[in-house]
Amino acid sequence: MNARDRMNRRDLQTTNPAIGSRLPEFRLDLWHSTARPAILPSRTMPESTQDLLQTTSPPLSQQSASRTSASDAPVELVLTGSGTSVGVPVVGCDCAVCRSEDVRNHRTRSGVFVRAPQGEFVIDTGPEMRLQLLQNGASLIRAAVFTHGHADHIVGLDDLRLFSFRLDDEIPLFCEEPVEETIRQMFSYAFGDRSTLAHRFATPRFRFERIKPGQTFELLGLSLTPLRLHHGDLPVLGFRTGNVAFCTDVSTIPTETRGLLQDLDVLILGALRYKPHPTHLHVDGAIRLAQQLKPRRTILTHMAHDLDYQTLADELPDGIEPGYDNLVIQLRTGDRPA
Ligand SMILES: [Zn+2]
Ligand SMILES: [Zn+2]
Ligand SMILES: [Zn+2]
């Protein structure tokens, strides 16, 4: 098998994880590849921000957002990253999961991409943001929503600056105040005096939108309800839209939030590993919680290299399954949060 065939097989495997997930050459590619990764686009992108500004006319912000999604376009949520903060494989680790040929054990950092009725947005912007967007055919991200300010959930934010150029507008960042503070520190170049910056057209344009637990807001044709969760001692957010909820970094769910997690079709729930952890649910804790909340389907995410996809899938009770990168969940737009 030559390098091109290998790349094509890898591409197929990566985009269709459920189909023939064993790929003997994959690990070799992952560690020793000199070929161009299959997920890079074949087309070339404009080289500078000036090119972007000049080639985007008229500004997309002056067009109707709904023009970008036809009425019969899918409204869906994609679990773009199912991995814990260091990802899987872990660099330098030769455990069975990190060496696994099953692509469902290859986990990028946690995040969600949503194709809403009036455009695309993401929940969290982890370090593989750009690659995740390419992998899932994203075209124009119009907003980002944040669960919390840990690095594995925000350090990819700069990858959204492209869209502020395309839209000729600020990208709204929906978050709580502590997350705004972290983003302002980490991305200080995006919030300084633009007139004094040497390359001011290259800086991202963001604006903050405050959200609060339990206060539903509308975003691109979907209703989103922020859900208070506890991630160790840190108050963080999960989100519910219709009958789907995303609760990634969580160790306990307060009573007032449990009422907002009833009658779910799908609960995406963090489960780090088999052993208990001070700031994340472990597998048994996630199972207990799922059995209390009774969603029709629970999908585990934010998983470390302790968890082998197939082993875990075989062990879990009915209705609970491990997630994997690029898993797609259809959304029913008519639904309202409970
Ligand atoms: Zn995390
Ligand atoms: Zn490992
Ligand atoms: Zn976290």
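Throughout, read-outs are computed from the coordinates displayed, never taken from laboratory work. This is a predicted model, so every value here is computed, not measured. Here Cβ is always computed from backbone atoms with ideal geometry, including for glycine, and neighbour counts include all displayed protein chains.
Please turn the phi angles of the range 289-300 into ³J(HN,Hα) values with the Karplus equation 6.51 cos²θ - 1.76 cosθ + 1.60 (θ = phi - 60°), one per residue in order, whole Hz, x for glycine and proline.
Karplus values, whole Hz, x for Gly and Pro: 5, 4, 6, 7, 7, 6, x, 5, 9, 10, 10, 7.
Give, as ranges by residue number, the residues of the range 111-129 whose backbone N falls under 19 Å from the point 7 Å along Cα→Cβ of A151.
The answer is 111, 124-129.
Counting only DSSP beta bridges with both residues in the range 73-330, tell me the antiparallel percent, nearest 5.
55
Arrange the peptides 204-215, 173-184 so that the one whose residues have, on average, the most other Cβ atoms within 10 Å appears first.
173-184, 204-215
Take the Cα gyration tensor of the range 203-333, multiply each eigenvalue by 5, square-root it, and list the three semi-axes largest first, rounded to whole angstrom.
Semi-axes (√(5λ), whole Å): 25, 17, 16.
Using the Cα gyration tensor of the range 256-333, with a ≥ b ≥ c the square roots of its eigenvalues, what is the shape: rounded (a/c below 1.5), prolate (a/b larger than b/c) or oblate (neither)?
oblate
Can you tell me the order of 279-286, 302-309 when each peptide is scored by its average per-residue count of other Cβ atoms within 10 angstrom, highest first?
Output ranking for 279-286, 302-309: 302-309, 279-286.
Order these peptides, 249-258, 144-153, 268-277, by their mean beta-carbon neighbour count within 10 angstrom, highest first.
Ranked by mean Cβ neighbours within 10 Å, highest first: 144-153, 268-277, 249-258.
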